[in-house]
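Since every read-out is calculated from the coordinates, none of them should be taken as a lab result. Quick caveat, the model's predicted, so the values are computed rather than measured. Cβ placement follows ideal geometry from the backbone for every residue including glycine, while neighbour counts extend to all protein chains displayed.
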Amino acid sequence: MKPFPGFTSRMRFTPLPNVFFSQLLPQIDDLAELKATLHTFWSLYQKRGYPKFVTYGELLGDKRLMAGIGNGDSLRRGLEMAVSRCTFIRLSLERERCSEDLYFLNSESNRDAVARIERGELDLGAIPRAEPYHKPEEQPNIFVLYEQNIGMLTPMIAEELKEAEELYPASWVEDAFKEAVSLNIRKWRYVSSILERWAAEGRDRGKSGRHPEEDRDKYVKGRYGHLVKRRI
């Protein structure tokens, strides 16, 4: 976890009603509900026009929220709890053969707006859509791969791994370990030879759109060119 760098002298603020701290916050004991609630307050504050609302799709597509809340199930649960607590009003709309959940702050003006929408007296216009955010899978670093597939690290090996990590893409390193393990050759020297071969000949040699000569020169002429053997 990276440490928080602290607040700056110039920053923007998102207002929260005092009643949130006096009545709502003491009752919220679920982390997903708390994160969904605070982020929805923040999202609504960014909106313009009347009435202000945020869609489930917008929240699901927000990488900052999803990185902290975990997944769509946690988000849905947090929002359901917030709606049950009457923090927000949920309005489900059917449009173009698909449904979308809209979330409004549970205020007097928004209760009136939702009632008018349901009676067909208020048109919301275009509903914002967003693609769900999929958190990328983190690739294990070279040291983890070594310990998982070969054995205990030594200072000398650690130095070689550090150089290799700076020289080769992470995907190459992971694939090289996979290839070595599939052949049951659990030796760093063999993994290193795979990486050297790919650097010399091109990782995707023979595939359309790739240029092995360019791939080779990238690594042979780079900072760690002395580690790479040319293969003619």
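Exposure proxy ranking for 56, 50, 146, based on other Cβ atoms within 10 angstrom of each Cβ and starting from the fewest, stands as 50, 56, 146.
Which ordering of 114, 191, 144, 54 is given by a fewest-first count of other beta-carbon atoms within 10 Å?
Numbers: 114 19, 191 26, 144 10, 54 23.
Final ranking by Cβ density, sparse to dense: 144, 114, 54, 191.
Please work out the FRET efficiency for the pair residue 119 and residue 181, using the Cβ-Cβ distance as r and a Förster radius of 45 Å; give the result to the nearest 0.05. Plugging the Cβ-Cβ distance into 1/(1 + (r/R0)^6) gives 0.10. Fully extending the segment from residue 201 to residue 42, taken as 0.36 nm per residue of separation minus the present Cα-Cα distance, adds 52.1 nm.
Working from the pairwise distances between different alpha carbons, so that the mean of 1/r is found and then inverted, what is segment 18-118's Kirkwood radius in Å? Please report the intermediate quantities before stating the final value.
Values: mean 1/r = 0.0715 Å⁻¹.
Kirkwood radius, segment 18-118: 14.0 Å.
Taking the average, over residues, of other Cβ atoms within 10 Å as the packing measure, peptides 3-11, 59-67 rank 59-67, 3-11 from highest down. Checking every one of the trypsin sites (Lys or Arg not before Pro) in segment 65-102 against DSSP loop status and a limit of 10 other Cβ atoms within 10 Å picks out 97. In order along segment 105-111, the Karplus-derived 3J(HN,Hα) couplings, from 6.51 cos²θ - 1.76 cosθ + 1.60 at θ = phi - 60°, round to 5, 6, 10, 4, 5, 6, 4 Hz, and Gly and Pro are given as x.
Under a 5 Å amide H cut-off, with hydrogens placed 1.01 Å from N, residue 47 pairs with nothing among residues at least 5 apart or on other chains.
Computed 3J(HN,Hα) for segment 7-14, one whole-Hz value per residue from the Karplus formula 6.51 cos²θ - 1.76 cosθ + 1.60 where θ = phi - 60°, is 8, 9, 6, 10, 8, 9, 10, 10, glycine and proline marked x. In this label model, residue 148 and residue 76 are separated by 2.9 nm, measuring between points 7 Å along each Cα→Cβ vector.
Note on 189, 203, 197: ascending count of other Cβ atoms within 10 Å places them as 189, 197, 203, the fewest first. Using the Karplus relation 6.51 cos²θ - 1.76 cosθ + 1.60 with θ = phi - 60°, the per-residue 3J(HN,Hα) values for segment 36-45 come to 5, 5, 5, 5, 5, 4, 4, 5, 5, 5 Hz, with x marking Gly and Pro.
Amide H contacts for residue 150 (H built 1.01 Å from N in the peptide plane; partners 5 or more residues away or on another chain; cut-off under 5 Å): none found.
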